[in-house]
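Throughout, read-outs are computed from the coordinates displayed, never taken from laboratory work. All values derive from a computational prediction rather than experimental measurement. Don't worry about glycine lacking a Cβ; one is built from the backbone with ideal geometry, like all the others, and counts go over all protein chains shown.
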Amino acid sequence: AQSVTQLDSHVSVSEGTPVLLRCNYSSSYSPSLFWYVQHPNKGLQLLLKYTSAATLVKGINGFEAEFKKSETSFHLTKPSAHMSDAAEYFCVVIKGGTYKYIFGTGTRLKVLA
Amino acid sequence: NAGVMQNPRHLVRRRGQEARLRCSPMKGHSHVYWYRQLPEEGLKFMVYLQKENIIDESGMPKERFSAEFPKEGPSILRIQQVVRGDSAAYFCASSPGTENSPLHFGNGTRLTVT
């Protein structure tokens, strides 16, 4: 069965410093993985997706994530945090050929001035 | 290309009333998912529908909740005889149904039961 674990419920960084949001997955098959961002009172917006092509995936707003099969990880990174990045981030896994999207519990990112 | 449209954005109901939440998927999308989000919590899957079919309703409470996605018109999530515990944000997402396609979300309906 698929599962996804977001290792940190809260992350605080200073503006201009790097961001690392961690996600580990469990899947018996080659998964597809996504990162979404949710700003207050908004829906979820797709940041990036991995679907078995290049292992380093670039997304919107300067975010990227690297799929590491040996570590079963798909961590989200950004070189320099901006105040507008403060939001909740969700890691999502789906088993290929199915409709079941499994959501992590979310990581709330706080950006300090 | 309009995204996923949910209405109303905010809905206030008194205990015992009915709530109807609407979702129009993105153009070309025939698969709809409903999720519930409580404050400070993640998303909980409720139901997955295709046109005129409920594929998976394993996340729906057994009573008072129902969902449909008719051939014409939006998908509807209906909650009968609402209780305070139903207060939450309800999100709809759609996909074209192709393998590994991402979900596209609406901005949600925030239901408050007084």
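Go through A:Lys49/B:Lys44; A:Lys78/B:Lys44; B:Lys27/B:Lys62; A:Lys49/B:Lys62; A:Lys58/B:Lys51; A:Lys49/B:Lys51 and tell me which ones have a Cα-Cα distance over 23 Å in this structure.
As for pairs spanning more than 23 Å Cα to Cα, those are A:Lys78/B:Lys44; B:Lys27/B:Lys62; A:Lys49/B:Lys62; A:Lys58/B:Lys51; A:Lys49/B:Lys51.
Might you report the magnitude of the Cβ-based charge dipole of the protein assembly as shown about its Cα centre, with Lys and Arg at +1 and Asp and Glu at -1, to the nearest 20 debye?
Using Cβ point charges on Lys, Arg, Asp and Glu, the protein assembly as shown gives about 540 debye.
Over the alpha-carbon set of chain B, work out the extent along each principal axis and list the three values in angstrom, largest first.
Principal-axis extents of chain B (Cα, largest first): 40, 24, 24 Å.
Could you compute the net charge surrounding B:Asn7? Neighbours are other residues with a C-beta less than 11 Å from the C-beta of B:Asn7; K and R count +1, D and E count -1.
That sum, taken over residues with Cβ under 11 Å, equals +3.
Could you tell me whether the range A:70-113 comes out rounded, prolate or oblate from its Cα gyration tensor? Rule is a ≥ b ≥ c as square roots of the eigenvalues, rounded for a/c under 1.5, then prolate if a/b exceeds b/c, otherwise oblate.
Judged from the Cα gyration tensor, the range A:70-113 comes out prolate (a/c at least 1.5, a/b above b/c).
Give me the net charge of A:Ala81's neighbourhood, meaning all other residues with Cβ under 14 Å from the Cβ of A:Ala81; Lys, Arg count +1, Asp, Glu -1.
0
Are there GluC sites (Glu not before Pro) in the range A:1-109 that DSSP marks as loop and that have at most 15 other Cβ atoms within 10 Å, and which are they?
When the GluC sites (Glu not before Pro) of the range A:1-109 are filtered for loop state and at most 15 Cβ neighbours within 10 Å, A:Glu15, A:Glu71 remain.
Mind listing which chymotrypsin sites (Phe, Trp or Tyr not before Pro) in the range A:18-61 are in a DSSP loop and have 15 or fewer other Cβ atoms within 10 Å?
A:Tyr29
Using a Debye calculation, one point per C-alpha and no hydration shell, please list log10 I(q)/I(0) for the range A:1-102 at q = 0.10, 0.23 Å⁻¹ in order.
Taking Cα atoms of the range A:1-102 as identical point scatterers yields -0.26, -1.31.
Pick out, in residue order, every one of the trypsin sites (Lys or Arg not before Pro) in the range A:5-113 that is DSSP loop and has at most 16 other C-beta atoms within 10 Å; say none if there are none.
In loop regions of the range A:5-113 (DSSP not H, G, I, E or B), the sparsely surrounded trypsin sites (Lys or Arg not before Pro) are A:Lys42, A:Lys69, A:Lys100.
Rounded to two decimal places and with Rh computed the Kirkwood way over Cα pairs, what is Rg over Rh for the protein assembly as shown?
Looking at the protein assembly as shown, the ratio lands at 0.98.
Place +1 on the Cβ of every Lys and Arg and -1 on the Cβ of every Asp and Glu in chain A, take the dipole about the Cα centre, and give the residue among A:Phe63, A:Ala81, A:Ser3 whose Cα lies farthest towards its positive end.
Selected residue: A:Ser3.
Bin width 10 Å, origin at 0, all Cα-Cα pairs of the range A:1-56: what percent of pairs per bin?
The distribution over the range A:1-56 is 17, 45, 32, 6, given as percents.
Note down the net charge around A:Ser27, summing +1 for each Lys or Arg and -1 for each Asp or Glu among other residues with Cβ under 12 Å from its Cβ.
Here the charged neighbours net out to +3.
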